Structures are given as structure tokens and as C-alpha cells.
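The values are calculated or read from the model by the stated rules, or taken from the named source; none is laboratory data. All values reported here derive from a predicted model rather than from experimental measurement. A quick note on method: Cβ atoms are made from the backbone with ideal geometry, for glycine too, and the neighbour counts reach across all protein chains shown.
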There are 2 protein chains.
Amino acid sequence: MSAKATESPVRLAAETWESLFRAQVAVMRRLQAGPAFKNLALNEYDVLFTLSRCPSGWLRLNELNDHVLLSQSSLSRLVERLEKRGFVERMPAPDDGRGVLIKLTEAGRELQKQIGREHVRDIAALVGPALTGPEQQELLRLTEKLRASVAMH
Amino acid sequence: MSAKATESPVRLAAETWESLFRAQVAVMRRLQAGPAFKNLALNEYDVLFTLSRCPSGWLRLNELNDHVLLSQSSLSRLVERLEKRGFVERMPAPDDGRGVLIKLTEAGRELQKQIGREHVRDIAALVGPALTGPEQQELLRLTEKLRASVAMH
DNA sequence: GGTCGATAGATGCAAATGCATGTAAATCGG
DNA sequence: CCGATTTACATGCATTTGCATCTATCGACC
């Protein structure tokens, strides 16, 4: 398969993406099946996770939208639901009257940590046996390079 | 980031997965924005693509379900819609009275090819400039290894 | 052969999603 | 400074999704 792909750069790129995508689907299937996502959809956890990684604690809705694979309107309503459940807080952006700032509540931070721990265990159980340490480091490097390149147009 | 991850295998696995996932989101965002997915959702294209890659032409619903990130019921209805639109055909499985076999119609095959061509161009434009040829080959190898390991429990 | 648990797929229904659009605020061009 | 364009987010509405459940068939076991 990859032998033939070397013949054409376009074909190689397509097969690489296809393989990356299938691997993501396979891993994601397993993760979603775990008990960690019983009470919180993947996208909801993703929002809590992204917020937990934010140094200032506050993030704009449109910044959040760059990280999540959701339309703007869906994210808007997802955050609305998280707010109703008491996991995030909203606040009008001080420097932009149109904007909204989001941050985790204490309950949200706790929930993220709890799910995050299970999540990390599940990931380690899936990825750990699949690739050696150096292979994981290389995969990390390559995907980060890909993401960075795609992000800057 | 990856320097610290070397301290712990669990942490390295988690960061590797996180990076893979983010790269997938970043690339997918771009692909979905393209005109190729104007008339067909990603999951719908994915089904057509999977069918087009199947040697016999026929696939069971549950086999399809392994490739797509969708619940069984959602896939059932997705195929139903594709059938109504004339892109796939259904047939009861000859060897299993419960099963259903799916295959592309001629229109479905045409649509898959047409979208596939645009899709491949978009992918090449995103992945090509991001990674060198050898890097793409390595990424292909690693993700394939990961997928294979995860697939066999 | 008959019973029982497992599997394949369909369906009712509530919830989530995306598209198109609305509103309000920021930015630009003169 | 003012009108025009763009940006940020919200909302109405139709479509899609998942969960729970249902039906039918398969397989194992006695």
C-alpha cells in the first residue's frame, strides 16, 4: 500500500490522511465506549478540557470554536447547556461588547479532572501497547507539525 | 511539552493521543469547509468511500459500522437516506436472515469518485506542505500500526 | 426438535446539530 | 463623524444523532 503511494506525492498525502483518520476513529470508538463518557458527550468534555488548559481561565467562544469540531451555533448551545448544568460560567467580554468569556466553575473543574483521569488511563491502555515510546514521541512530533502547518493557513 | 512527557509513559500516551486528535480536528475543519462536502455529509461520504474500496462490492451494515464513527441506529438511517437518494442499494444477506448487504449504485459510485477527486486535492494541499515525503510515510506507518493494534482488542 | 441467550437491524422519541438568519457591536473608508 | 461592511454570538427550524427498545434470526446446548 505505502509502496505504491511513494509513486505519487498526492497519493501519499491522501493515504496518510486516510490512515490518520481511521486510527482516530478506531481509538475514539474505544474511548467513547468507556464509562468516562457516560454523563458527558465527547464535545462537552473537550470544552471542559480546553478550558482547563487555558492559563487565564477565561476563553472567548470563538477561540473555543477553533479547538472543537462543531459549528458556531452548536457550540453556543453546548456552552449554554454546560452553564445550565453548572459546569461553566459566562461573562460579557470587557474589551468587546459582542464577545462572551467562558470559564470553568469549581464543579466543572472537578468533573474535568475526574473524567480526565479515567480518560488518560483508557488512552494509555490503548496507545501504550500499540507503539513504543520513541514511536509515540515521533507520532506526537509529526501530528503537532501537521496541526501547526494546517492552523496557519 | 514532549520533554516532560518522557518522564511518564502514561503522560506520553495521553499527549500523543491529544496531538493526534487535534491534528485530525484541524485537518477535518478545512476539509469540511471545502466545496466537496456541500451536498454530502462527511459520514455519508465515508460510507460511499468504504463501499467503493470493498472488493466484492457488497458490505454488511455491521461491517460498515466498524469504519464509521456512528451508532448502529444512526448508520441504519444514514444508509436509508442514501438509498432514497439512489446512491446505494440494499439486499437481504443470503447466508443470514437478519443481515442486510449494501452496495453502491452506479450513481453512488460516480458521486464518490467525483467528491473523492476534490477531496484528494484538498488533502494534498493541506498535508503536502506540512510534512516531507519520508515524514508522511512514517506518519502513515505509525497510524496504521496504532489502528491495527486498537482494532484487535 | 425446543429453549435460551446473543446478534443484526429497525424504530419511537428526546436531544444535539447545522444552516440560515437575526441582533448588536466593532471596524473601515470617506 | 457617518454609513457600510464585518465580526461575535444567539435563535428558529429542519435534519441528524443516540439511547432504549422491539422484532427476527442465529447458535449453543440439552
Discussion item. I'm checking my understanding of the structure. Among residues of the range A:111-142 that are among the polar types (S, T, N, Q) and surrounded by fewer than 16 Cβ atoms within 10 Å (Cβ to Cβ), which one is modelled with the highest pLDDT?
Written reply: A:132
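Results for (1) away from DNA strand D (no atom under 14 Å from the Cβ); (2) in contact with a Gly (Cβ under 8 Å, 6 or more places away or on another chain), shown as yes or no for each residue.
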| position | (1), (2) |
| --- | --- |
| B:70 | no, no |
| B:81 | no, no |
| B:93 | no, yes |
| B:98 | no, no |
| B:109 | yes, no |
| B:112 | yes, no |
| B:125 | yes, no |
| B:132 | yes, no |
Worksheet entry | Answer residue from the range A:85-96, given it is of a type in the set (D, E, K, R) and under 22 Å from the mean Cα position of the chain (by Cα) and is farthest from DNA strand C (Cβ to nearest atom) among those | A:89
Discussion item. Out of B:53, B:90, I need the residue that is surrounded by fewer than 16 Cβ atoms within 10 Å (Cβ to Cβ), within 14 Å of another protein chain (Cβ to nearest Cβ) and under 12 Å from residue B:104 (Cβ atoms). Which one?
Written reply: B:53
Worksheet item: If you check residue A:145 against the conditions, is it within 14 Å of chain B (Cβ to nearest Cβ), surrounded by fewer than 20 Cβ atoms within 10 Å (Cβ to Cβ) and touching a residue at least 40 places away in the same chain (Cβ under 8 Å)?
Response: no
Item to complete: May I ask you to say which residue of A:52, A:74 is within 16 Å of DNA strand C (Cβ to nearest atom), of a type outside the set (Lys, Arg) and over 30 Å from residue B:133 (Cα atoms)?
Response: A:74
Item to complete: Quickly run through the range B:94-140 and pick out the residues that are farther than 24 Å from residue B:48 by Cα and facing chain A (nearest Cβ under 7 Å).
Response: B:128, B:129, B:130, B:131, B:133, B:135, B:136, B:137, B:138, B:139
Discussion item. Among the residues that make up the range B:14-28, is at least one of them within 14 Å of DNA strand C (Cβ to nearest atom) and either without any contact (Cβ under 8 Å) to a residue 40 or more places away in the chain or at the interface with another protein chain (Cβ under 7 Å from one of its Cβ atoms) (or both)?
Written reply: yes
